[in-house]
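Working notes, beginning with the structure itself.
The values are calculated or read from the model by the stated rules, or taken from the named source; none is laboratory data. Please read these numbers as outputs of a predicted model, since none were measured by experiment. For neighbour counting, all protein chains shown are included, and Cβ atoms are generated from backbone atoms with ideal geometry for every residue, glycine included. These area figures cover heavy atoms from the full protein model, side chains too; ligands, DNA and RNA do not enter into them. Shrake-Rupley method; radii C 1.70, N 1.55, O 1.52, S 1.80 Å.
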Amino acid sequence: MNGIYWGLTALHIMGQPDALDRDEMIEYVLSCWDEEAGAFGAHPEHDAHVHSTLSAIQVLIMQDAVDRIPDVERLVRWILSLQQPSGVFAGDAFGEIDTRFTFCAINALSLLGRIKDLDHEKTVTYIERCRNFDGGFGAQAGAESHAAQGSRQP
């Protein structure tokens, strides 16, 4: 799913957004819907994950097909259910946490027009806890700064 998103993005950048069959792409994305979870997996019959869910939403928006999401309300509830008491988001039902999953959840909710449903205070407080003495951020509170997590310029 993530590869489809990045491939489609690259095609848009190259001015070739129609290089892949739109209907086939939409059908593939929809085939990755995990009915048990109410979100998208990386491939048909894979468990739902917040990263592949974000990519699916992005692809459907780019293809003007976000209205084809099987159940937006259920999807929003699933995303929100991944937020842990500390404020960080897990990637899936198995509980791995990472601030990148928090980004995916925030972005997905925003794209769906549902950012208002996010517990903003809990989310921001957790992200602030991930900031380190060097101005960088760790993937989790207490983790060393990591380039993929961003940093504040002096």
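Can you pull out every residue in region 53-98 that is in a loop (DSSP other than H, G, I, E, B), acidic (Asp, Glu) and surrounded by fewer than 13 Cβ atoms within 10 Å (Cβ to Cβ)? Steps first, please.
Quick first cut of region 53-98, residues in a loop (DSSP other than H, G, I, E, B) only: 63-65, 69-71, 82, 84-88, 91-96, 98.
Adding the requirement that they be acidic (Asp, Glu) leaves 64, 71, 92, 96, 98.
Across region 53-98, the qualifying residues are 64, 96.
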Without any contact (Cβ under 8 Å) to a residue 24 or more places away in the chain and part of a helix (DSSP H, G or I): is that true of residue 23 in this structure? yes
Return the residue satisfying two criteria in turn: it lies in region 1-33 and is of a type in the set (D, E, K, R) and over 21 Å from residue 47 (Cα atoms), and of such residues it is least open to solvent (accessible area, probe 1.4 Å). 21
Residue count, region 34-52, condition open to solvent by 40 Å² or more (accessible area, probe 1.4 Å) and outside any loop (DSSP other than H, G, I, E, B), comes to 1
Just to check your reading of the model, which residue among 101, 137 is touching a residue at least 40 places away in the same chain (Cβ under 8 Å) and surrounded by 17 or more Cβ atoms within 10 Å (Cβ to Cβ)? 101
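For region 67-76, does any single residue satisfy the condition of being at pLDDT 95 or above and under 13 Å from the mean Cα position of the chain (by Cα)? Lay out the reasoning, then the answer.
We begin by selecting, within region 67-76, every residue at pLDDT 95 or above; these are 67-76.
Subsequent filtering for residues that are under 13 Å from the mean Cα position of the chain (by Cα) retains 75-76.
Looking for residues that are at pLDDT 95 or above and under 13 Å from the mean Cα position of the chain (by Cα), one finds at least one in region 67-76, hence yes.
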